[in-house]
Amino acid sequence: MSDPTDLDRDVRITIAECIRDRGAVPSLAEVVSRVAVPETDVAESFGRLAAARVMILRPGTTEILSFNPFAAGQTGFQVRADGRDWSALCAWDAFGVAAALRSDGVVLGHCADACGVPLEVRLAGDAIGALDGVVMQFALPAREWWKDIVFT
């Protein structure tokens, strides 16, 4: 495959299919085996997709940390949707998990302030329901999130 745009599309679709099929972000090796192109080409595609903010790689590696909005491992934001448990890097992504799955869901997390109160937000259709008095606050303006997306 000589066109990087075609390869990037195929890699992106393959990653999404892996997430949908088994509920987990795939490794580079798994994507290579599914798209049947050399590992170096897929690794370069990972780099382009990360630069385009489609996914986040662990620094200095080709290991996927997050294929937005799906996190690769356990985080402080869990989502129960579409019959499975999912992880997201932040509350904003947690809402995106249910939306990407086109499913109602429940977001579980904890207050990031010192109180650490458990939080549960129900997502049903276009409605969002939370505990009384819960406020979702973003410490940084959205325009600054990608300066340090993992921290954000």
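The values are calculated or read from the model by the stated rules, or taken from the named source; none is laboratory data. Predicted, not measured: the structure shown is a model, and the values here were computed from it. To get the accessible areas, we keep the full protein, side chains included, count just its heavy atoms, and leave off ligands, DNA and RNA. Shrake-Rupley method; radii C 1.70, N 1.55, O 1.52, S 1.80 Å.
Find the accessible area per residue for the range 1-54; the probe is 1.4 Å, ligands and nucleic acids are left out, and the unit is Å².
For the range 1-54, the solvent-accessible area averages 54 Å² per residue.
Classify the range 51-132 from the C-alpha gyration tensor, please: rounded if a/c falls under 1.5, else prolate or oblate depending on whether a/b exceeds b/c.
oblate
In degrees between 0 and 90, to the nearest 10, how far off the longest principal axis of the chain does helix 4-22 point, with axes built from Cα atoms?
Between the helix axis and the principal axis of the chain, the angle is about 50 degrees.
Just the projected area, averaged over all directions, of the convex hull on the alpha carbon atoms of the chain: how many nm²?
9.9 nm²
Throw me the Rg/Rh for the range 27-79, computed over C-alpha atoms with Kirkwood Rh, two decimals.
Looking at the range 27-79, the ratio lands at 1.00.
Compute the Cα gyration tensor for the range 1-58, then decide on rounded, prolate or oblate, letting a ≥ b ≥ c be the square roots of its eigenvalues: rounded whenever a/c is under 1.5, prolate when a/b is larger than b/c in the other cases, and oblate in all that remain.
It comes out oblate by the Cα gyration axes.
Can you give me the % of accessible surface on the range 38-90 that is carbon or sulfur? Probe 1.4 Å, all protein chains present, nothing else counted.
Whole-percent figure for carbon plus sulfur exposure: 51.
Rounded, prolate or oblate: pick one for the range 58-104, where a ≥ b ≥ c are the square roots of the eigenvalues of its C-alpha gyration tensor, a/c under 1.5 means rounded, and failing that, prolate if a/b is larger than b/c, else oblate.
Here the range 58-104 falls in the prolate category.
Can you give the accessible area of ARG22, probe radius 1.4 Å, in Å² rounded to 10?
About 110 Å², ignoring ligands and nucleic acids.
Order the following by accessible area, largest value first: PHE95, PHE70, PHE46. Probe radius 1.4 Å; ligands, DNA and RNA are ignored.
The ordering from most to least exposed comes out as PHE95, PHE70, PHE46.
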